[in-house]
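Student: This is the structure I have questions about; it appears just below.
The values are calculated or read from the model by the stated rules, or taken from the named source; none is laboratory data. Please read these numbers as outputs of a predicted model, since none were measured by experiment. Every residue, glycine as well, gets a Cβ built from its backbone with ideal geometry; the counts of neighbours run over all protein chains shown. Just so you know, the surface numbers come from the protein's heavy atoms only, side chains and all, with ligands and any DNA or RNA stripped out. Shrake-Rupley method; radii C 1.70, N 1.55, O 1.52, S 1.80 Å.
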Amino acid sequence: QREEQRAASEAAVYVLTNMLQSVVERGTGQVVRRAGFRAPAAGKTGTSNDARDAWFAGFTPRLLAIVWVGFDDNRE
(Lines give C-alpha, C1' and ligand atoms only; values in the text may rest on other atoms or scores of the structure.)
Protein backbone atom coordinates (compact mmCIF):
# COMPACT_ATOMS: atom_id res chain seq x y z
CA GLN A 1 0.00 0.00 0.00
CA ARG A 2 1.25 3.45 -0.93
CA GLU A 3 1.20 6.28 1.59
CA GLU A 4 0.57 9.75 0.20
CA GLN A 5 1.81 12.96 1.77
CA ARG A 6 1.00 16.55 0.82
CA ALA A 7 4.16 18.31 -0.40
CA ALA A 8 2.72 21.85 -0.70
CA SER A 9 -0.47 23.73 0.04
CA GLU A 10 -3.16 23.98 -2.61
CA ALA A 11 -2.76 27.77 -2.61
CA ALA A 12 0.99 27.58 -3.28
CA VAL A 13 0.51 25.05 -6.10
CA TYR A 14 -2.22 27.25 -7.63
CA VAL A 15 0.07 30.30 -7.68
CA LEU A 16 3.03 28.33 -9.09
CA THR A 17 0.90 26.70 -11.79
CA ASN A 18 -0.52 30.09 -12.75
CA MET A 19 3.00 31.49 -13.12
CA LEU A 20 4.05 28.53 -15.26
CA GLN A 21 0.93 28.90 -17.43
CA SER A 22 2.02 32.46 -18.24
CA VAL A 23 5.29 31.06 -19.65
CA VAL A 24 3.23 29.18 -22.26
CA GLU A 25 0.71 31.97 -22.89
CA ARG A 26 2.95 35.05 -22.98
CA GLY A 27 6.53 34.07 -22.26
CA THR A 28 9.42 32.10 -23.67
CA GLY A 29 7.29 28.96 -24.11
CA GLN A 30 4.61 30.55 -26.26
CA VAL A 31 6.01 28.80 -29.33
CA VAL A 32 3.84 25.83 -28.27
CA ARG A 33 0.75 27.95 -28.87
CA ARG A 34 2.08 29.22 -32.20
CA ALA A 35 2.65 25.59 -33.18
CA GLY A 36 -1.05 24.91 -32.62
CA PHE A 37 -1.17 23.26 -29.19
CA ARG A 38 -4.39 24.49 -27.54
CA ALA A 39 -4.85 22.34 -24.42
CA PRO A 40 -4.35 23.88 -20.95
CA ALA A 41 -0.61 23.83 -20.35
CA ALA A 42 2.17 25.23 -18.21
CA GLY A 43 5.93 25.02 -18.42
CA LYS A 44 9.39 26.42 -17.91
CA THR A 45 12.20 27.10 -20.36
CA GLY A 46 15.87 27.49 -19.65
CA THR A 47 19.37 27.66 -21.06
CA SER A 48 22.83 27.01 -19.70
CA ASN A 49 24.94 30.03 -18.74
CA ASP A 50 26.78 30.01 -22.07
CA ALA A 51 23.63 29.15 -24.06
CA ARG A 52 25.07 25.83 -25.28
CA ASP A 53 22.02 23.96 -24.03
CA ALA A 54 18.31 24.74 -23.96
CA TRP A 55 15.42 22.91 -22.36
CA PHE A 56 11.66 23.03 -21.87
CA ALA A 57 9.65 21.22 -19.23
CA GLY A 58 5.91 21.41 -19.79
CA PHE A 59 2.79 19.79 -18.45
CA THR A 60 -0.95 19.51 -18.94
CA PRO A 61 -3.42 17.93 -16.52
CA ARG A 62 -2.62 14.53 -18.14
CA LEU A 63 0.86 14.80 -19.72
CA LEU A 64 4.43 15.77 -18.81
CA ALA A 65 7.14 16.43 -21.40
CA ILE A 66 10.76 17.50 -20.98
CA VAL A 67 12.93 18.39 -23.98
CA TRP A 68 16.66 19.12 -23.92
CA VAL A 69 18.60 20.44 -26.93
CA GLY A 70 22.38 20.47 -27.00
CA PHE A 71 25.47 18.33 -27.43
CA ASP A 72 26.48 15.98 -24.63
CA ASP A 73 30.17 16.79 -25.19
CA ASN A 74 29.62 20.49 -24.30
CA ARG A 75 30.44 21.85 -27.77
CA GLU A 76 28.64 24.85 -29.25
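Student: Would you point out which residue out of THR60, THR17, THR28 is of a type in the set (Val, Ile, Thr) and modelled with pLDDT under 95?
Tutor: THR28
Student: A further question on this structure: Taking only pairs six or more apart or across chains, which ones have beta-carbon atoms under 6 Å, a first residue in the stretch 35-56 that is closer than 13 Å to PHE71 by Cβ, and a second residue that is of a type outside the set (Asp, Glu) and surrounded by 10 or more Cβ atoms within 10 Å (Cβ to Cβ)?
Tutor: ARG52/GLY70; ASP53/GLY70; ALA54/THR47; ALA54/VAL69
Student: Kindly establish whether ALA65 is under 17 Å from VAL13 (Cα atoms), small (Gly, Ala, Ser) and either without any contact (Cβ under 8 Å) to a residue 60 or more places away in the chain or open to solvent by less than 30 Å² (accessible area, probe 1.4 Å) (or both). Quick ask: steps written out before the conclusion?
Tutor: Working: under 17 Å from VAL13 (Cα atoms): no; small (Gly, Ala, Ser): yes; either without any contact (Cβ under 8 Å) to a residue 60 or more places away in the chain or open to solvent by less than 30 Å² (accessible area, probe 1.4 Å) (or both): yes.
Answer is no for this residue.
Student: Still on this model: Quick one: count up the residues across the stretch 21-35 that are open to solvent by 40 Å² or more (accessible area, probe 1.4 Å) and either in contact with an Asp or Glu (Cβ under 6 Å, 6 or more places away or on another chain) or of a type outside the set (Val, Ile, Thr) (or both). Quick ask: steps written out before the conclusion?
Tutor: If we filter the stretch 21-35 for residues that are open to solvent by 40 Å² or more (accessible area, probe 1.4 Å), which is where we start, we get 21, 25-26, 28, 30-32, 34-35.
Of the ones still in play, those that are also either in contact with an Asp or Glu (Cβ under 6 Å, 6 or more places away or on another chain) or of a type outside the set (Val, Ile, Thr) (or both) are 21, 25-26, 30, 34-35.
The number of residues fulfilling the criteria is 6.
Student: Something else now. Could you tell me which of the residues ALA12, ALA51 is open to solvent by less than 90 Å² (accessible area, probe 1.4 Å), of a type in the set (Gly, Ala, Ser) and part of a loop (DSSP other than H, G, I, E, B)? Walk me through how you get there before you give the answer.
Tutor: Values: ALA12 fails: part of a loop (DSSP other than H, G, I, E, B).
So the residue among ALA12, ALA51 that is open to solvent by less than 90 Å² (accessible area, probe 1.4 Å), of a type in the set (Gly, Ala, Ser) and part of a loop (DSSP other than H, G, I, E, B) is ALA51.
Student: How many residues are over 30 Å from GLU76 (Cα atoms), open to solvent by 60 Å² or more (accessible area, probe 1.4 Å) and touching a Ser or Thr at 6+ places or on another chain (Cβ under 9 Å) if we restrict to the stretch 38-48?
Tutor: Applying the first criterion (over 30 Å from GLU76 (Cα atoms)) to the stretch 38-48 yields 38-41.
Next, from what is left, pick out any that are open to solvent by 60 Å² or more (accessible area, probe 1.4 Å): 38, 40.
Still in the running and touching a Ser or Thr at 6+ places or on another chain (Cβ under 9 Å): 40.
Total meeting the criteria: 1.
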